[in-house]
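S.K.: Right, I'll just put the structure down here and ask away after.
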Amino acid sequence: IEKAPEECSDTSKPCAAKNPATGIYQIPLSVCDQKVAQLCCGDHHCISVMSDGAVYSWGSGSKGQLGLGKDCQVSASPSLLMSLKERVTFASAGSCHTMCTTVSGRVFSWGTGDLGALGLGLKTREREREREREKRQLRS
């Protein structure tokens, strides 16, 4: 197995390895002897829940779906979500959003909330569109 050179310049991050016979990459997700407990993928991002409850994300963060802050548009390798202070037990990735549950039963969501996907109700723009639809229906 050979290391992918473009991923190996930063020695502080784990390095992906490619099997030359198959072309398949092994993503380095064993961190501090923790193993992957769950893996889920959205349209352009992936989330892994580790056996200790830590969460890593990578891929496109253009809609905030990585949970790494609004300035993170892309993470080419797995990055730890520092903002989650509780042990995560389950995660799910939608097209542009992510949700997880914690050991205490709390639910967290991040990313785009179109059509109420984050469980926070509709965005202002969506509420305005819904009101306009209702007005049109009343007129007809």
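S.K.: Can you confirm whether region 65-73 contains a residue that is in contact with a helix residue (DSSP H, G or I) (Cβ under 9 Å, 6 or more places away or on another chain) and touching a residue at least 40 places away in the same chain (Cβ under 8 Å)?
M.R.: Within region 65-73, not a single residue is in contact with a helix residue (DSSP H, G or I) (Cβ under 9 Å, 6 or more places away or on another chain) and touching a residue at least 40 places away in the same chain (Cβ under 8 Å).
S.K.: Restricting to region 77-116, what's the tally of residues that are within 19 Å of Ser51 (Cβ to Cβ), within 12 Å of the chain's Cα centre (by Cα) and not in a strand (DSSP E or B)?
M.R.: 1
S.K.: Among the residues of region 28-54, count how many are closer than 30 Å to His97 by Cβ and at pLDDT below 70.
M.R.: Counting residues in region 28-54 that are closer than 30 Å to His97 by Cβ and at pLDDT below 70 gives 5.
S.K.: From (1) loosely packed, with under 14 Cβ neighbours inside 10 Å; (2) in contact with a Pro (Cβ under 8 Å, 6 or more places away or on another chain); (3) of a type in the set (Ser, Thr, Tyr), pick out the condition that doesn't hold for Ser57.
M.R.: Looking at each condition in turn, Ser57 falls short on (1).
The values are calculated or read from the model by the stated rules, or taken from the named source; none is laboratory data. This structure is a prediction, so every number in the text was calculated from the model and none was measured. Don't worry about glycine lacking a Cβ; one is built from the backbone with ideal geometry, like all the others, and counts go over all protein chains shown.
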